Amino acid sequence: MIYLDYAATTPMSDSALNAFVQTSKTYFQNTESLHEGGLAARDLLEHARCSLADLLGKESEGIYFTGGGSDGNFLAITSLAHGANDKGKHIISSNIEHPSVDYVLKFLEKSGYEITRIPVQKNGKISINTLLSSIRPDTTLVTIQHVNSETGIVQNIKEISERLKERDVLFHSDCVQSFGKWDNSYFRSMSIDAFTMSAHKVNGPKGTGAVYISPSVHIAPLLAEVTHERGFRAGTVDLPSVTAFVTAAEEAFQLQHEHYQHAVNMRKLLLSSILINKNIVFEGFDDSSPFIIPIRAKGMEGQIMMQELDRLKIAVSTGSACKNGQQAPSKTLLALGRTESEAHELVRVSTSHQTTSEEITLLGKALIEITNTFRSVSEVITR
């Protein structure tokens, strides 16, 4: 099997697996227990928290471990929103957010919050001027993703953060698709109120992640009087997964430059081989994340292309794994002005440092062959 769906999930690295196993054997105690074993486990948890904070250049008291990216988005956004209730209940977001952000915004709408979803421009980016003009006296929070999970389109969250600071509006960003893939100096230099991370996108375990929330920001978690993660979330902390996550993150940032350039090379190789076919379209941009390559074959549903590739033992996706199977057109392509039929054509190829040029070459040939066969059959049917 040629696996090219790394934006959905990645295999655990050997170092992360080893950290998981060793922690499970030695530090199996509950981090909230007051006996010697529990205190030792708690010390390891705090060491992991400090290590992740050091990577990001942030305060360790701002790091909260979660059950993954979607869980982190829910906890962060609701805690920030409720913490700012005294000011108002107006939240601004974009119309291309990850489903996990959409779900929490719909949840808040039912709770009396008003959500403004600003459109993106033709290049997939939000207009800073549109964002700023949408701010009202009762606006408390803006949540804008960093890297789009369907197309790899990148938002300038550093500039957004700076402009929102001037307006005294909180800013959260879903950084699941950029964490570990962007240089950590980007995160270290960014003055942001909150952002979400996920372990299994960077060769860590599933079901684990973290959010950073600036200690200067007042938050009000939905569940009051819970004990874990300083009251941020309920449930015993999965210490083995946390140590595996931080181990994977350290490795990802250490090799970030090498991995990023490899992704650039893989994208260049694929596009050079498939865009000679006029019926294949690249739906990304030069400054999009090189790890995510959105393409479509004109007139061919992405689901059919994915199935044909799967038959050839090549695994890709039709979009975000959190909404796959719903047969809905890509809302990102719709936001970019594509028709509903064109949005249904989306196929997402996503690479990692484990992707080889041989795999990309085989994918390119398969895409050309499947597209040509489909066009030939379509022409015969329409005659």
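Consider only pairs whose beta carbons are under 9 Å apart and that are at least six residues apart or on different chains; among these, list those whose first residue lies in region 263-278 and is assigned to a helix (DSSP H, G or I) and whose second residue is acidic (Asp, Glu).
Met266/Glu359
Take Ser70 and tell me if it is among the small types (Gly, Ala, Ser), assigned to a helix (DSSP H, G or I) and surrounded by 21 or more Cβ atoms within 10 Å (Cβ to Cβ).
The answer is yes for Ser70.
Does Asn18 satisfy the condition of being assigned to a helix (DSSP H, G or I) and either among the polar types (S, T, N, Q) or surrounded by 18 or more Cβ atoms within 10 Å (Cβ to Cβ) (or both)?
Here the answer is yes, as Asn18 does meet what is asked.
Somewhere in region 220-228, is a residue open to solvent by less than 20 Å² (accessible area, probe 1.4 Å) and among the acidic types (Asp, Glu)?
Checking region 220-228: not a single residue is open to solvent by less than 20 Å² (accessible area, probe 1.4 Å) and among the acidic types (Asp, Glu).
Hey, could you check region 173-183 for residues that are touching a residue at least 40 places away in the same chain (Cβ under 8 Å) and polar (S, T, N, Q) and say which is surrounded by the most Cβ atoms within 10 Å (Cβ to Cβ)?
This residue is Gln177.
Quick one: which of Arg348, Arg375 is touching a strand residue (DSSP E or B) at 6+ places or on another chain (Cβ under 9 Å) and at pLDDT below 95?
Unique residue meeting the criteria: Arg375.
State whether one or more residues within region 296-317 are surrounded by fewer than 17 Cβ atoms within 10 Å (Cβ to Cβ), among the basic types (Lys, Arg), modelled with pLDDT of 95 or more and within 30 Å of Ala252 (Cα to Cα).
Within region 296-317, one or more residues are surrounded by fewer than 17 Cβ atoms within 10 Å (Cβ to Cβ), among the basic types (Lys, Arg), modelled with pLDDT of 95 or more and within 30 Å of Ala252 (Cα to Cα).
Can you tell me how many residues within region 184-219 are assigned to a loop (DSSP other than H, G, I, E, B), open to solvent by 40 Å² or more (accessible area, probe 1.4 Å) and in contact (Cβ under 8 Å) with a residue 24 or more places away in the chain?
6
Do we find that Ile115 is touching a residue at least 12 places away in the same chain (Cβ under 8 Å) and in contact with a helix residue (DSSP H, G or I) (Cβ under 6 Å, 6 or more places away or on another chain) in this structure?
Yes, satisfied.
Per-residue answers, yes or no, for (1) part of a strand (DSSP E or B); (2) open to solvent by 10 Å² or more (accessible area, probe 1.4 Å); (3) among the hydrophobic types (A, V, I, L, M, F, W, C); (4) farther than 30 Å from Arg42 by Cβ:
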site	(1), (2), (3), (4)
Lys58	no, yes, no, no
Leu75	no, yes, yes, no
Val101	no, no, yes, yes
Leu131	no, no, yes, yes
Val142	yes, no, yes, yes
Thr151	no, no, no, yes
Arg163	no, yes, no, yes
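Give region 23-43 a look and list any residue that's in a helix (DSSP H, G or I) and either farther than 13 Å from Ser241 by Cα or open to solvent by less than 90 Å² (accessible area, probe 1.4 Å) (or both), or say none.
Thr23, Ser24, Thr26, Glu36, Gly37, Gly38, Leu39, Ala40, Ala41, Arg42, Asp43
Taking only pairs six or more apart or across chains, which ones have beta-carbon atoms under 6 Å, a first residue in region 222-233 that is at pLDDT 80 or above, and a second residue that is in a helix (DSSP H, G or I)?
Here the result reads Leu222/Thr78; Arg233/Leu75, each pair linking region 222-233 to a residue that is in a helix (DSSP H, G or I).
The values are calculated or read from the model by the stated rules, or taken from the named source; none is laboratory data. Model, not experiment: these values are computed from the prediction. Positions of Cβ are backbone-derived with ideal geometry, glycine not excepted, and every protein chain shown enters the neighbour counts. In case anyone asks, the SASA skips ligands and DNA or RNA and just uses the protein heavy atoms, side chains included. Shrake-Rupley method; radii C 1.70, N 1.55, O 1.52, S 1.80 Å.
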